[in-house]
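A.B. asks: Sharing a structure here in structure tokens format.
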Amino acid sequence: RQVLHGERTILTKINLLAGLALATVLVLSSLGVTASVLSRVVERRKELALLQALGAKRRSVTVFLLSEGAALGLMASAIGYVIGHLLSRIVVKEIFHVSVTPHLMAFLAAFAVTVVMALLAGSVAARQALRMETAVLLKGE
């Protein structure tokens, strides 16, 4: 009985550690996607100003930036999940000599967090990019 209790305690701690690692990875990947979206918008402020000068409404530009951010979030979460799953298979196979089955909930959590962060970053970036006057951006000051 004591052995089973000890094993259960160890497994609980391993699950807690794995959950903490998952949360850390989600936060770090979200920060990476956020930085990528923000830098893309900052680099393209002149293009966005040109779109507005040609008649695009601010709402259209915002929707465009949010769609781009969501697409980036989708790709980042899918690629990250695949790479993470492959690495976890290798590590677990080498250390514990067992196989790993992918968890749908882990993918959904990573997917949701990454896409939401990309959308939030896109909205902040769009607000910043559209805050400046079109003429000033096109002039280059």
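The values are calculated or read from the model by the stated rules, or taken from the named source; none is laboratory data. Note that the structure is predicted; figures quoted are calculated from it, not measured. Glycine also receives a Cβ, built like all others from the backbone with ideal geometry; neighbour counts cover every protein chain displayed. Heads up: the accessible areas ignore ligands, DNA and RNA and are worked out on the full protein's heavy atoms, side chains in. Shrake-Rupley method; radii C 1.70, N 1.55, O 1.52, S 1.80 Å.
A.B. asks: Which of the following residues is open to solvent by less than 50 Å² (accessible area, probe 1.4 Å), part of a helix (DSSP H, G or I) and among the hydroxyl-bearing types (Ser, Thr, Tyr): Thr24, Thr34, Thr12?
C.D. replies: Matching residue, one of Thr24, Thr34, Thr12: Thr34.
A.B. asks: Restricting segment 102-141 to residues that are outside any helix (DSSP H, G or I) and open to solvent by 90 Å² or more (accessible area, probe 1.4 Å), which is nearest to Ala53 (Cα to Cα)?
C.D. replies: Here the residue is Glu133.
Here's the yes/no breakdown for (1) of a type in the set (A, V, I, L, M); (2) farther than 20 Å from Val136 by Cα; (3) in contact with a Pro (Cβ under 7 Å, 6 or more places away or on another chain):
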position	(1), (2), (3)
Arg1	no, yes, no
Leu20	yes, yes, no
Val33	yes, yes, no
Arg45	no, no, no
Leu50	yes, no, no
Gly55	no, no, no
Arg59	no, no, no
Thr62	no, no, no
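A.B. asks: Only one of (1) in contact (Cβ under 8 Å) with a residue 12 or more places away in the chain; (2) more than 17 Å from Leu22 (Cα to Cα) fails for Phe96. Which number is that?
C.D. replies: (1)
A.B. asks: Of Ala49, Ala56, which residue is of a type in the set (Gly, Ala, Ser) and assigned to a helix (DSSP H, G or I)?
C.D. replies: Ala49
A.B. asks: If you check Phe64 against the conditions, is it surrounded by 14 or more Cβ atoms within 10 Å (Cβ to Cβ) and without any contact (Cβ under 8 Å) to a residue 40 or more places away in the chain?
C.D. replies: Yes, satisfied.
A.B. asks: Scan segment 70-77 and give yes if some residue there is surrounded by 12 or more Cβ atoms within 10 Å (Cβ to Cβ), touching a Gly at 6+ places or on another chain (Cβ under 7 Å) and touching a residue at least 24 places away in the same chain (Cβ under 8 Å), otherwise no.
C.D. replies: For segment 70-77, residues surrounded by 12 or more Cβ atoms within 10 Å (Cβ to Cβ), touching a Gly at 6+ places or on another chain (Cβ under 7 Å) and touching a residue at least 24 places away in the same chain (Cβ under 8 Å): absent.
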